[in-house]
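Presented below is the structure to which this report refers.
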Amino acid sequence: MSELETRDVQQAMDTIARKTTRRGVLATSTVTGVLAVLRSALGAARSRGYIQFNPAYGVLKIRPARATAVVWTPETHPPVAYDKVAATGGRLGHRRRGEAPGPGRR
């Protein structure tokens with residue numbers, strides 16, 4: 001642990017910020033939370049004498065890249081989603097105020 005440097009922590013945080021999940025990239029709050037926990041843990045190690053300085057202190061906060069929206073067209077749509085929209089007239093189960101529910105629906 002005494003060989004850990006700020007550039008090592010920065011490199012790890014850069015990797016975490018670029019990590020992708022099923023839903024896209026990690027949220028900024030998740031990446032910031034990871035850095036906060038790391039700073040706290042390394043701060044405790046410093047105060048107990050395990051390391052001379054906190055290498056997470058100089059790490060820059062990383063903002064993950066934002067996901068971009070994809071517009072569905074008849075050529076590029078996921079078939080189930082587009083078919084449901086078409087079958088419901090574009091309403092996806094939402095009713096206008098005062099509209100009566102269909103048969104078997106609340």
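The values are calculated or read from the model by the stated rules, or taken from the named source; none is laboratory data. In this text, all values refer to a predicted model and were calculated from it rather than measured experimentally. So basically every Cβ, Gly included, is an ideal-geometry build from the backbone, and we count neighbours across all protein chains shown.
Quick rundown of the values:
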item	result
Answer residue from the stretch 17-40, given it is of a type in the set (A, V, I, L, M) and in contact (Cβ under 8 Å) with a residue 24 or more places away in the chain and is surrounded by the fewest Cβ atoms within 10 Å (Cβ to Cβ) among those	ALA27
Residues (closer than 13 Å to THR6 by Cα and either modelled with pLDDT under 80 or under 12 Å from the mean Cα position of the chain (by Cα) (or both)) located in the stretch 20-68	LYS61
Among the residues listed as ARG105, ARG95, the single one being among the basic types (Lys, Arg), exposed (fewer than 10 other Cβ atoms within 10 Å of the Cβ), in a loop (DSSP other than H, G, I, E, B) and modelled with pLDDT under 70	ARG105
Residues of the stretch 5-56 satisfying the condition of being among the hydrophobic types (A, V, I, L, M, F, W, C) and assigned to a loop (DSSP other than H, G, I, E, B)	LEU26, ALA27, ILE51, PHE53, ALA56
From the options ARG18, ARG39, residue that is out of contact with any Phe, Trp or Tyr (no Cβ under 6 Å at 6 or more places or on another chain) and more than 30 Å from ALA69 (Cα to Cα)	ARG39
Within the stretch 1-15, considering residues that are over 30 Å from ALA69 (Cα atoms) and free of Cβ contacts under 8 Å to residues at least 12 places away in the same chain, the one surrounded by the fewest Cβ atoms within 10 Å (Cβ to Cβ)	GLU3
